[in-house]
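*Asks:* The structure that follows is given in the form of structure tokens.
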Amino acid sequence: MTTTSLPVRSSATQWLRPPQDFTLSNGLRIVLDERPGSALTEMRLVTPDGFASEPLSGRAALAMELFNQAPPRSGARARLGALGAMVQAYVTADSAIIKVSALAHNLRRVLDPLVEWVAQPAFTDDSFNAVRCAQSRRIEEERLNPLDFALRTFPRILYPSRHPCAQPFTGSGMVSSLASLTAADVRDWYTARVTPERATLVIAGGPAYKRLIPLLEDTFGRWHAFASAKPRIEPPTEAPPATVAAPSPVLIMDRPEHPQSGLFAGLLGVPRGSQAAETVLVADAVLAGMFSSRLNLLLREHEGWTYGVRSMLLDNRRQGWYLLSCFVRDDRTVEAMDRIESTLRDLAERAPCSAPELARAVNHVIGRVVAAHETCAQSADALAQMITWGLPAAYYVNLADRLRRLGTADITGIFRHIFAGEALHWIIAGRASRLVAACAIAGRNAVEVGGD
């Protein structure tokens, strides 16, 4: 199969303007992507504390879901709904985010009830018990879903036991930990972390900078007036870099009803703020991140064993990890594992990335960046990610130029550094009896698992 790469100008992302960045009198940082003609205003309130900085597993996610479900005082939630504003809170490994979408012409009327809700959410005991039960049910469902099970299990294999990231990357935590939590624990987490001094408000769309400043000072600038005394928050303890974990047995989820085997491979990556992180983006495209990637062409187009190979970069500030997944013919499961590992070794040694592969991968990554900034919502999400990872808000502006400076030797170096076949850890969902026997014949130690 011959693929011709299309040239992309090195300035492909330079149309992205650096956002405005300023701070309100109460310490709340504002990052603004001005789009005055937009009918919508998208806001993201980002707090730099996610589930990876939380020793009580599941508490951060519980707090954000309680924010979503609990009726706020003085009817702020109802007032926002009447204005057509949508509010949703969620948690990532590195941050807790409150996402708001509103009509631009309603922005002034939206901000008053919004800051009231943010500053004084009503975390009642009744709503806490209901949300905790729902989160426990969610964990049980995650244990049954192969991808969710991989997201829950791999971090505890890849990271040392006391590492902040050695917990389920679904964010939902462990049932045993949830059972010990109280409503007071969740309130303490929220009031200590969601404060104007610690948070950043991202805004995309809405009024221009000069009109927005007095509007925000008059609303979010009064945040402290609503807030009560907050418990002291201990500074996070920086974890040492995780080392490559010792090879673990192949974990097998028994799914006899599955006509295919779900293959999941995990390995450690790099911190998102490191210089190598951008090279990893391109290396991922070469390996599995686009249709013409090596693994997709090999396992789908050449062998016909799968409908496609997928990859996920589970980035975070400390040290991310990488997940490969595909569903393959169950009679080719172990052979597909061998092919994936040999492809990684090829890219690190025998058959490194070629110039045409590099050009296609760089074009693909740049194209995804451009496509991810078309709407106000996309821009707000991208800026929230930059803040979450501790990167400059203008990170994407000259990204294309930086990627164009990469050479094939840089990609080979990344594969030698992190994409080593012996570092892969495997989870398979399929017919356990057949898979255990096939792994044994191939000299792989396999263990059937039933839950966390």
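*Asks:* Counting only residues that are exposed (fewer than 15 other Cβ atoms within 10 Å of the Cβ) and in contact with a strand residue (DSSP E or B) (Cβ under 9 Å, 6 or more places away or on another chain), how many does the range 107-143 have?
*Replies:* Qualifying residue count, the range 107-143: 0.
*Asks:* Shifting gears a bit: Test of understanding: among GLU357, GLU303, GLU278, which residue is over 27 Å from TYR395 (Cα atoms) and either surrounded by 21 or more Cβ atoms within 10 Å (Cβ to Cβ) or among the acidic types (Asp, Glu) (or both)?
*Replies:* Of the residues listed, the single one that is over 27 Å from TYR395 (Cα atoms) and either surrounded by 21 or more Cβ atoms within 10 Å (Cβ to Cβ) or among the acidic types (Asp, Glu) (or both) is GLU303.
Yes or no, residue by residue, for (1) aliphatic (A, V, I, L, M); (2) under 30 Å from ALA438 (Cβ atoms); (3) in the same structural domain as GLY50 (by TED's automatic domain parsing):
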position	(1), (2), (3)
ARG317	no, no, no
LEU323	yes, yes, no
PHE327	no, yes, no
GLU341	no, yes, no
ALA348	yes, yes, no
HIS373	no, no, no
LEU383	yes, no, no
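*Asks:* With the checklist (1) over 23 Å from the mean Cα position of the chain (by Cα); (2) more than 26 Å from ARG272 (Cβ to Cβ) in hand, flag the one item SER292 doesn't pass.
*Replies:* Of everything listed in (1) over 23 Å from the mean Cα position of the chain (by Cα); (2) more than 26 Å from ARG272 (Cβ to Cβ), SER292 misses just condition (2).
*Asks:* If only one of LEU435, LEU406, LEU391, LEU399 is hydrophobic (A, V, I, L, M, F, W, C) and closer than 16 Å to GLU335 by Cα, which one is it?
*Replies:* None of the other options fit; the residue is LEU435.
*Asks:* For SER379, work out the one condition from (1) buried (at least 20 other Cβ atoms within 10 Å of the Cβ); (2) within 24 Å of LEU344 (Cα to Cα); (3) at pLDDT 90 or above it doesn't fulfil.
*Replies:* All conditions are met except number (2).
*Asks:* Output the qualifying pairs, or none if there are none: Cβ atoms under 6 angstrom, residues six or more apart or on different chains, first residue in the range 391-407 and without any contact (Cβ under 8 Å) to a residue 12 or more places away in the chain, second residue surrounded by 16 or more Cβ atoms within 10 Å (Cβ to Cβ).
*Replies:* From residues that are without any contact (Cβ under 8 Å) to a residue 12 or more places away in the chain, the pairs are TYR395/MET386.
*Asks:* Residues to consider are PRO207, PRO164, PRO155; find the one that is touching a His at 6+ places or on another chain (Cβ under 9 Å) and touching a residue at least 60 places away in the same chain (Cβ under 8 Å).
*Replies:* PRO155
*Asks:* Something else about it: Would you point out which residue out of GLU374, GLU349 is modelled with pLDDT under 95 and either within 29 Å of LEU103 (Cβ to Cβ) or of a type in the set (A, V, I, L, M) (or both)?
*Replies:* Of GLU374, GLU349, the one residue that is modelled with pLDDT under 95 and either within 29 Å of LEU103 (Cβ to Cβ) or of a type in the set (A, V, I, L, M) (or both) is GLU374.
The values are calculated or read from the model by the stated rules, or taken from the named source; none is laboratory data. Values in this document were obtained by computation on a predicted structure and should not be read as measured data. Every residue, glycine among them, receives a Cβ derived from its backbone with ideal geometry; neighbour counts consider all protein chains shown.
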